[in-house]
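The values are calculated or read from the model by the stated rules, or taken from the named source; none is laboratory data. Treat the numbers as computed from the prediction; the structure is a model and nothing was measured. Here the Cβ positions follow ideal geometry from the backbone for every residue, glycine too, while neighbour counts run over all protein chains shown. Note: areas computed on protein heavy atoms with side chains; ligands, DNA, RNA excluded. Shrake-Rupley method; radii C 1.70, N 1.55, O 1.52, S 1.80 Å.
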Amino acid sequence: MLSFQDIRLSDRPWADKLFRMGNNNSEEYNFSFSYIWKEVFAYKAARMNDYVIIGSFKPGHPPAYLFPAGSGDVVPVLEALKNTADEMGDPLVFYCVLAPHKKLLEALYPGRFVFMELTDYYDYVYSAESLITLSGKKLHSKRNHINRFKEYYPDWSFEPITPKDLPEVMEMNEKWHKENEIYRDRTFDDEVMSVDNAMHDFFALGMDGGLLRAGGKVVAFSMGEPLNTDTYLVHIEKALTEVPGAYSMINQQFASHYCVDFLYINREDDSGNEGLRKAKRSYRPLFMVEKYAAKMVDKVSR
């Protein structure tokens, strides 16, 4: 039976290494993601051979797992997960399976898994060059937003987040929360908790961070880090809606400063939020990362 433990900052070195060995391209395959969302989803971590396994153990829900990330023969790890689920008296459930994982599960366990598309949780992946240059007719409006921002705020600056700046960023984040409470939905409080976790352990997590100033005040910020060899992952992006063009500006500036060495930028999912979906689609994603939930059953009926 696999032994799952609370996720701690001290797990970062080995977990980071194994996540990157897997070279997967979705947000879940990242230590910081699991860490900042650990309270929301009751995440715990286990290690077997050169694989990291994240489990979600929310009260009132059966345990569910991220498809193992790492290198080497994954079959013993999958069998260990199956045995763990059996000993707990639960079916084996994966909360995130990517398309290659789905194909592998179907080959290893024919007719034993049922899959459900998680379309609200597909990641948006963009060309890094596209988000940096904003070239072409389709992104003309984004360039206009940036030009308007520069016109209104000629004293603007983009700066890396330092320990000195973090209290100002937290203050701006609190203002953003109050501005957006009117749009509160099922994911709002969860998102607030994850951002607070990211802020609290920002430097220990080793993430990149950038802030945007206008009139001397922080009006936007973003945080992210490399996901794999060719993809950069943007975890968080916030801007004050009262500042015209701030969202377009922080997006472009963060990409320009941190993503030039990558082919792709993963800006995570929209969680089914229509406003967020519209905003993410407006940047013309290159492709979406398909995700599935999977549940092992006795035999899938045909």
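So which of Tyr51, Tyr43 is crowded, with 17+ Cβ neighbours inside 10 Å and over 23 Å from Leu118 (Cα atoms)?
On the way: Tyr43 fails: over 23 Å from Leu118 (Cα atoms).
The conditions single out Tyr51.
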Unique residue being modelled with pLDDT under 95 and either under 28 Å from Asn23 (Cβ atoms) or surrounded by fewer than 19 Cβ atoms within 10 Å (Cβ to Cβ) (or both) when the list is Pro62, Pro163: Pro62
Among (1) open to solvent by 40 Å² or more (accessible area, probe 1.4 Å); (2) touching a residue at least 60 places away in the same chain (Cβ under 8 Å); (3) among the acidic types (Asp, Glu), the one test that Asp269 misses: (1)
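Test of understanding: among Phe262, Phe287, which residue is of a type outside the set (Asp, Glu) and in contact with a Ser or Thr (Cβ under 7 Å, 6 or more places away or on another chain)? If you could, list the steps in order and put the result at the bottom.
Numbers: Phe287 fails: in contact with a Ser or Thr (Cβ under 7 Å, 6 or more places away or on another chain).
Just a single option satisfies the conditions, and that option is Phe262.
Looking at Gly210, is it under 30 Å from Ala15 (Cβ atoms), open to solvent by 30 Å² or more (accessible area, probe 1.4 Å) and within 21 Å of the chain's Cα centre (by Cα)?
Values: under 30 Å from Ala15 (Cβ atoms): yes; open to solvent by 30 Å² or more (accessible area, probe 1.4 Å): no; within 21 Å of the chain's Cα centre (by Cα): yes.
The answer is no for Gly210.
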Residues (farther than 22 Å from Gly210 by Cβ, outside any loop (DSSP other than H, G, I, E, B) and of a type outside the set (D, E, K, R)) located in the range 255-302: Gly275, Phe287, Met288, Val289, Tyr292, Ala293, Ala294, Met296
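I'd like the full set of residues that are of a type outside the set (Gly, Ala, Ser), under 22 Å from Asp86 (Cβ atoms) and in a loop (DSSP other than H, G, I, E, B), limited to the range 25-64. Let's see the steps before the verdict.
To start, the set of residues in the range 25-64 that are of a type outside the set (Gly, Ala, Ser) comprises 25, 27-31, 33, 35-41, 43-44, 47-54, 57-59, 61-63.
Among the residues that remain, those that are also under 22 Å from Asp86 (Cβ atoms) are: 43-44, 47-49, 51-54, 57-59, 61-63.
Selection gives Asn49, Phe57, Lys58, Pro59, His61, Pro62, Pro63.
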Contacts under 7 angstrom Cβ, first residue in the range 1-23 being closer than 13 Å to Leu205 by Cβ, partner among the basic types (Lys, Arg) and not in a loop (DSSP other than H, G, I, E, B), 6 or more apart: Ile7/Lys38; Ile7/Lys44
Some residue of the range 228-243 being in contact with a helix residue (DSSP H, G or I) (Cβ under 7 Å, 6 or more places away or on another chain), small (Gly, Ala, Ser) and more than 18 Å from Ser282 (Cα to Cα): no
Inter-residue pairs, beta-carbon under 7 Å, first without any contact (Cβ under 8 Å) to a residue 40 or more places away in the chain and in the range 162-180, second open to solvent by less than 80 Å² (accessible area, probe 1.4 Å) and aromatic (Phe, Trp, Tyr), 6+ apart: Leu166/Phe202
Residue in the range 221-230 that is farthest from Tyr35 (Cα to Cα), counting only those that are surrounded by 23 or more Cβ atoms within 10 Å (Cβ to Cβ) and touching a residue at least 40 places away in the same chain (Cβ under 8 Å): Phe221
Search result, residues across the range 199-228 that are more than 28 Å from Lys17 (Cβ to Cβ) and in a loop (DSSP other than H, G, I, E, B): Gly215, Gly216
Test: Phe67 is at pLDDT 95 or above and either in contact with a helix residue (DSSP H, G or I) (Cβ under 8 Å, 6 or more places away or on another chain) or acidic (Asp, Glu) (or both): yes
Filter pass, Asp90 being among the charged types (D, E, K, R), in contact with a Leu (Cβ under 9 Å, 6 or more places away or on another chain) and free of Cβ contacts under 8 Å to residues at least 40 places away in the same chain: no
Those helices (runs of 4 or more DSSP H) lying entirely in the range 67-181 with at least 1 residues of a type in the set (Val, Ile, Thr): 75-88, 128-133, 140-152, 166-180
Matching residues, the range 196-207, being touching a residue at least 40 places away in the same chain (Cβ under 8 Å) and either open to solvent by 30 Å² or more (accessible area, probe 1.4 Å) or over 21 Å from Gln252 (Cβ atoms) (or both): Asn197, Ala198, Asp201, Phe202, Phe203, Ala204, Leu205, Gly206
Filtered residue count, the range 182-198, keeping only those that are in a helix (DSSP H, G or I), more than 18 Å from Phe221 (Cβ to Cβ) and within 18 Å of the chain's Cα centre (by Cα): 3
For Lys102: the one exception among (1) in contact with a Ser or Thr (Cβ under 9 Å, 6 or more places away or on another chain); (2) in contact (Cβ under 8 Å) with a residue 60 or more places away in the chain: (1)
